Structure formats: structure tokens, C-alpha cells
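So the structure is just underneath, and the comments pick up after that.
The values are calculated or read from the model by the stated rules, or taken from the named source; none is laboratory data. Treat the numbers as computed from the prediction; the structure is a model and nothing was measured. Note that each Cβ is placed from the backbone with ideal geometry, even for glycine, and that neighbours are counted across all protein chains shown.
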Amino acid sequence: MEFKEIVMEMPPDFDSADVERELAKRLGSDDYAFRIEKQSLDARKKHNIHWRLKVSVAKDAGALEEVSDRPKLNIERKKRDAQAVVVGSGPAGFFAALILRKAGFDTTLLERGSDVAKRASVISEFEKTGKFDPRNNYAFGEGGAGTFSDAKLTSRGKHISVERDFVLSTYISAGAPPEIAYLAHPHLGTDNIRKIVEKLRSDFEAEGGSVLFETTMTGLRTENGRVVEVLTDKGPVQADYCFVASGLAAYDTYQSLIDAGVSFQAKEFAIGHRVEHPQRLINKAQWNAESIPGLKAAEYRLTAKPADAFPVYTFCMCPGGKIVPSAAFADSQTVNGMSSYARGGDFANAGCVAAIHPSALCFDNPNPTALEALDALRRIEADFAEVGDGFAVPYCGIQDYIKRRMPGELPETSYPMEMAPVALWNLLPRPVSSSIRKGLQDFSRKIRGFRSGVIIGLESKTSAPVRVSRDRVTMLVDGFDNLFVIGEGSGWAGGIISSAADGIKAAMRIV
Ligand SMILES: Cc1cc2nc3c(=O)[nH]c(=O)nc-3n(C[C@H](O)[C@H](O)[C@H](O)COP(=O)(O)OP(=O)(O)OC[C@H]3O[C@@H](n4cnc5c(N)ncnc54)[C@H](O)[C@@H]3O)c2cc1C
């Protein structure tokens with residue numbers, strides 16, 4: 001049989017045997033091998049919600065392999081007398097370290113937090129007692145920010161297909177469900193990604209890589225445009241190459257980099273809150289049913305371009321998930337969302353943010369420096385913490401936000417800690433909160449029942465408000481011969497896949 005690509009529609013609760021039956025019917029034979037290349041849910045017509053599949057078919061598995069000739073990473077392994085130090089074990093840092101080790105570099109990965117098991121127990125204690133640990137929280141610790149997340153693996157990054165394939169196949173080899181390779185909206189859930197992070201780290205160590213937990217980079221010692229040592233709270237680490245992948249929450253690390261001569265500029269980002277609804281309300285609005293066998297939980301993605309206002313959009317929606325207190329420092333308040341693989345929780349949450357330039361947060365300063373932008377953001381995060389007197393999250397109803405009236409009764413939510421009813425719209429500069437208000441009005445027209453939801457806390461971590469100056473080709477930080485600032489904190493990437501891809505690309509520059 002010749003190789004063929006077949007597009008088919010399948011019901012929401014189809015299984016592999018259904019695909020085989022459908023193929024046998026279409027091919028008039030059951031002597032073939034097949035592979036699903038793409039699978040996406042078509043929910044445009046609520047009376048006909050179905051999966052759309054693109055399937056490759058050939059005479060046997062070998063023939064299928066031959067035609068899937070996608071370019072792959074070529075990691076040349078050889079003896080290299082060079083020490084690479086990577087700061088941060090999130091997707092950018094971890095994947096950079098993995099490539100460097102595979103290529104033969106002596107590779108040391110530094111992480112300010114603990115291993116994922118200890119991190120998980122510290123976070124659970126924090127939610128019960130309010131005792132905050134600056135080393136281990138939703139932002140810091142092994143695996144980085146996305147370890148306690150929905151672990152959506154979507155990315156709008158361009159020109160990263162080779163790196164994305166590498167990340168997905170690495171995750172699959174570490175136990176991820178194979179469907180992440182072909183689903184249009186793949187996700188792992190926090191339960192899967194925690195196990196994967198642990199497994200990948202032990203593989204990395206088995207290959208000779210070294211991981212130093214509870215070790216914080218505090219500065220860089222440089223000579224003539226080269227990093228010679230990474231300074232840490234446990235002493236210096238010698239480096240021939242240095243990769244800093246410290247994420248977007250580590251204000252102290254931004255300061256260390258700037259002190260070492262690394263140049264950043266303020267850039268556009270987004271800020272706002274999280275909205276939450278009962279998941280069954282979202283299912284009803286999106287599917288016209290409270291549940292559909294075979295489907296987990298309905299998603300949404302909304303955008304609004306209100307007149308005379310900043311664009312507003314929903315971000316990082318977590319179906320069947322919960323809102324989490326994701327601050328990296330005790331004196332700041334931010335929230336984010338996470339879900340398990342089953343997405344079986346009772347609530348749906350999403351960031352609801354306005355796309356702004358940091359100048360919108362820096363009154364009377366249209367051109368803030370990177371430090372001024374970071375300071376302005378930090379001040380807002382501190383204001384939210386002050387209003388909530390710690391980790392009680394400020395909230396109001398979406399309807400309250402729209403009508404600018406004080407919230408009434410505490411609604412049911414997934415947030416695991418206390419909640420403080422406040423005039424939430426007053427906590428952001430007026431042009432920003434007015435834009436969000438208009439966005440909420442627009443979204444209430446698009447999703448039935450949207451107004452009845454709750455709007456919570458500060459969502460300030462959609463992407464970094466600054467961008468490092470680095471060479472587009474070599475990816476080296478301007479003015480340095482051996483320093484790479486990568487991942488979300490660099491301002492050149494955002495999200496798990498694009499940050500991992502950024503780390504891989506940088507590592508491949510020296511491989
Ligand atoms: C709750 C939550 C949910 C999210 N959900 C998703 C999602 O579903 N899908 C998605 O694509 N993205 C999601 N994100 C965003 C995603 O996690 C980030 O985009 C991604 O992790 C960025 O990767 P990174 O490696 O650049 O940085 P990070 O993952 O932030 O990792 C940085 C690491 O550096 C360490 N570090 C910082 N400073 C130092 C220092 N000085 N010394 C040593 N170590 C240091 C930190 O402890 C951390 O482990 C979520 C984020 C959060 C917080």
C-alpha cells in the first residue's frame with residue numbers, strides 16, 4: 001500500500017480501535033500501519049462537536065518511519081575541555097544543560113530551590129499555614145515556574161519546530177502521554193510534569209551532569225567581557241560558558257546581571273487579574289452541555305480591542321484547574337493557574353490581562369529603564385500584598401469590576417488561601433483597569449454567564465517586562481564572549497516550549 005494521509009472526523013469519545021475500523025473501511029483492507037499526525041477538537045458547531053484527525057497510513061511501521069523525515073537536532077558528542085554553568089532548572093536552563101551535557105561539556109546546573117519532591121511539600125505547607133519559603137514556591141525550585149501548572153505545551157513561537165520536536169520527544173521518553181506529539185492543544189498537567197522533571201534530572205545526572213540545589217547565583221565575576229566565575233551563596237563556580245535562565249520572577253537576579261554589565265530594555269508585556277467560573281458553566285457555554293463523554297473540560301481564548309483602551313485578552317486558561325498564590329517573594333502578591341492531567345476540578349480560570357508597555361505603570365515616565373520597569377512592577381505586586389495583608393488574595397465579582405461597586409458575598413473559588421473583598425479595579429492604574437473593564441464587558445457578550453464569575457489578584461507574569469540585549473545570530477549577550485541569558489527572563493521567550501527552545505538554541509550555538 002502506498003503512503004497516504006487521510007483526514008477524518010471522529011466522535012468525542014473515539015478510541016484507537018475506532019480509528020482502525022474507519023481506516024479499514026476507507027482503505028478496503030486491514031493490512032496497514034497508521035500514525036496520528038494531528039488531532040484537534042472542532043467545537044464550532046455545538047450540535048456537532050468532533051475530533052478532526054490527520055492520519056498517515058503506509059504498508060508497515062518501517063514505511064511510515066521512512067516518510068517522517070523531519071529535521072532533527074544534531075548534537076555532536078565529543079570530549080570538550082570546558083565547564084558550562086547553567087543557572088536555573090526551568091525549561092530553558094534544563095534543556096540547555098541537557099544539550100550541553102549530551103555534547104560532552106562538563107555541565108553544572110545551579111538551582112536556588114530544592115528538588116521537586118521537597119518543593120511540593122513546602123508549597124503544600126505554605127498553602128496550609130501561610131509560611132512562605134523564598135527558595136521553594138510556585139516560581140522557584142526544581143523544574144521552574146511551570147512545574148506547578150497546567151503544563152500546556154502550546155507555543156506561538158516561530159522557527160522552533162526542531163526544538164519543539166526534541167522537547168516533546170524528550171518528555172515522551174520520560175513518561176509523557178504520546179498524544180502530546182500530535183494534539184493541537186497538548187498539556188501534561190502538574191501531576192505528569194513533576195514526575196517528568198524528576199526523571200529527566202536523574203537521566204541528566206546519570207549522563208554525568210551535576211545539579212546543585214539550594215544554590216543561588218548572586219553575581220558574575222567577569223574579565224574582559226568573559227564570565228570567569230558564577231558567584232553563588234555557596235561560593236564561586238568556575239565557568240568557561242555561562243547560561244542564565246532565571247525566569248521572570250527573580251528580581252534579585254536581574255539586578256545581579258545588570259550589576260555585571262548586562263543590558264536590558266523595557267518592553268511590552270501584559271498585566272491584569274485571573275477570572276474564574278464553575279467549569280460546568282464554561283462547558284455549557286462552549287459545548288451546550290455540562291459534560292461530554294470523551295472530553296475533559298472546555299477551554300476558551302478571548303480577545304478584545306476596546307476603543308481608546310489597551311487590548312485585553314485571556315491568557316493561560318486552566319480548565320478544571322485552580323488558582324494558585326504564585327508569588328516569588330514574601331512581600332509580593334501574584335496569582336497563576338494550574339491543573340492536573342485529568343482537568344477534573346470544578347473550576348475554570350484564566351488570566352485576563354491588558355497588553356501594555358511598562359510606561360503605563362511608571363507615572364510621568366514615558367521611557368522607563370529596565371530597572372525602573374522592574375521596580376514599578378514590583379511596587380504593584382507589593383501593593384496587592386499589602387491590600388491582602390499577605391497572601392489573602394484581593395478579589396471581587398466580574399460584575400462588581402464592571403460596575404465598580406464593592407463586592408458582596410465571598411463566592412466559591414478554587415483559591416486555596418484566604419480572600420479579601422476589595423475594589424480590585426483601584427489597584428491598577430486607571431487606564432489599565434478601564435481597559436480590563438471594557439474587555440470583561442466584551443467577554444461577557446461572548447461567553448454566556450461570564451459576568452457571574454469572580455476576578456482575583458494580580459496576574460503579572462504573562463511575560464517579562466524587559467528584554468536582554470543579545471546578538472540575534474550568536475545569542476551572546478552584548479559585550480560578552482561566553483554569556484547567554486535565555487528563557488522567559490530574557491524577554492525573548494515565554495511559556496514552557498518557547499523557553500525550552502530558547503535554551504536549546506543557545507546551547508546549540510556552542511555545540
Ligand atoms: C503557576 C504557573 C502556571 C504556568 N502554566 C504554564 C502552562 O501551562 N504552559 C506554559 O507554557 N507556561 C506556563 N507557565 C509559564 C512557564 O512556567 C514559564 O514560561 C517557563 O517556566 C519559563 O521557563 P524558564 O526556564 O525561562 O524560567 P523558569 O521556569 O521561571 O525557571 C527559572 C528557574 O531559575 C531559578 N532561579 C532564579 N534565580 C536564580 C538564581 N539567582 N540562582 C539559581 N537559580 C535561580 C528558579 O528557581 C527557577 O527554577 C506557568 C507559570 C506559572 C508560575
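Going by the structure shown, is V86 within 16 Å of the ligand (Cβ to nearest atom) and in contact with a strand residue (DSSP E or B) (Cβ under 7 Å, 6 or more places away or on another chain)?
For V86, the condition - within 16 Å of the ligand (Cβ to nearest atom) and in contact with a strand residue (DSSP E or B) (Cβ under 7 Å, 6 or more places away or on another chain) - is met.
Check I99, I36, I75 and return the single one that is part of a loop (DSSP other than H, G, I, E, B) and modelled with pLDDT of 90 or more.
Exactly one of I99, I36, I75 is part of a loop (DSSP other than H, G, I, E, B) and modelled with pLDDT of 90 or more, namely I75.
Does K54 satisfy being modelled with pLDDT of 95 or more, more than 30 Å from E142 (Cβ to Cβ), of a type in the set (D, E, K, R) and surrounded by 12 or more Cβ atoms within 10 Å (Cβ to Cβ)?
Criteria met by K54.
Tally the residues that are among the small types (G, A, S), surrounded by fewer than 16 Cβ atoms within 10 Å (Cβ to Cβ) and touching a helix residue (DSSP H, G or I) at 6+ places or on another chain (Cβ under 7 Å), restricting the search to region 199-254.
Total satisfying the criteria: 1.
What are the pairs with Cβ atoms under 9 angstrom where one residue, in region 495-511, is in contact (Cβ under 8 Å) with a residue 24 or more places away in the chain and at positive phi and the other, located anywhere, is assigned to a helix (DSSP H, G or I) and near the ligand (Cβ under 7 Å from one of its atoms)? Sequence gap at least six, or different chains.
These pairs meet every condition: G495/P91; G495/G146; G495/E488.
Within region 56-76, count every residue that is without any contact (Cβ under 8 Å) to a residue 60 or more places away in the chain and under 30 Å from L27 (Cα atoms).
Matching residues across region 56-76 total 11.
Quick check on this structure: which one of K131, K79, K158 is among the charged types (D, E, K, R), surrounded by fewer than 24 Cβ atoms within 10 Å (Cβ to Cβ) and either in contact (Cβ under 8 Å) with a residue 24 or more places away in the chain or within 11 Å of the ligand (Cβ to nearest atom) (or both)?
K79
Please go through (1) farther than 22 Å from T369 by Cβ; (2) of a type in the set (A, V, I, L, M); (3) part of a loop (DSSP other than H, G, I, E, B); (4) near the ligand (Cβ under 10 Å from one of its atoms) for V473 and return the number of the only condition it doesn't satisfy.
Result: V473 fails condition (4) only.
I'm trying to understand the selection: among the residues of region 476-505, which are among the acidic types (D, E) and either surrounded by 24 or more Cβ atoms within 10 Å (Cβ to Cβ) or within 11 Å of the ligand (Cβ to nearest atom) (or both)?
Of everything in region 476-505, those that are among the acidic types (D, E) and either surrounded by 24 or more Cβ atoms within 10 Å (Cβ to Cβ) or within 11 Å of the ligand (Cβ to nearest atom) (or both) turn out to be E488, D502.
If S291 meets every condition in (1) within 16 Å of the ligand (Cβ to nearest atom); (2) touching a Lys or Arg at 6+ places or on another chain (Cβ under 9 Å); (3) of a type outside the set (D, E); (4) without any contact (Cβ under 8 Å) to a residue 40 or more places away in the chain apart from one, which number is that one?
So S291 meets the others, but not (1).
Among strands (runs of 3 or more DSSP E) lying entirely in region 221-266, which contain 1 or more residues that are within 13 Å of the ligand (Cβ to nearest atom)?
226-232, 241-244
Say we look at region 163-187 and pick out the residues that are in a helix (DSSP H, G or I) and among the aliphatic types (A, V, I, L, M); which of these is surrounded by the most Cβ atoms within 10 Å (Cβ to Cβ)?
V167
Looking only at residues in region 294-344 that are more than 12 Å from the ligand (Cβ to nearest atom) and in a strand (DSSP E or B), which one is farthest from the chain's Cα centre (by Cα)?
The extreme case among them is A304.
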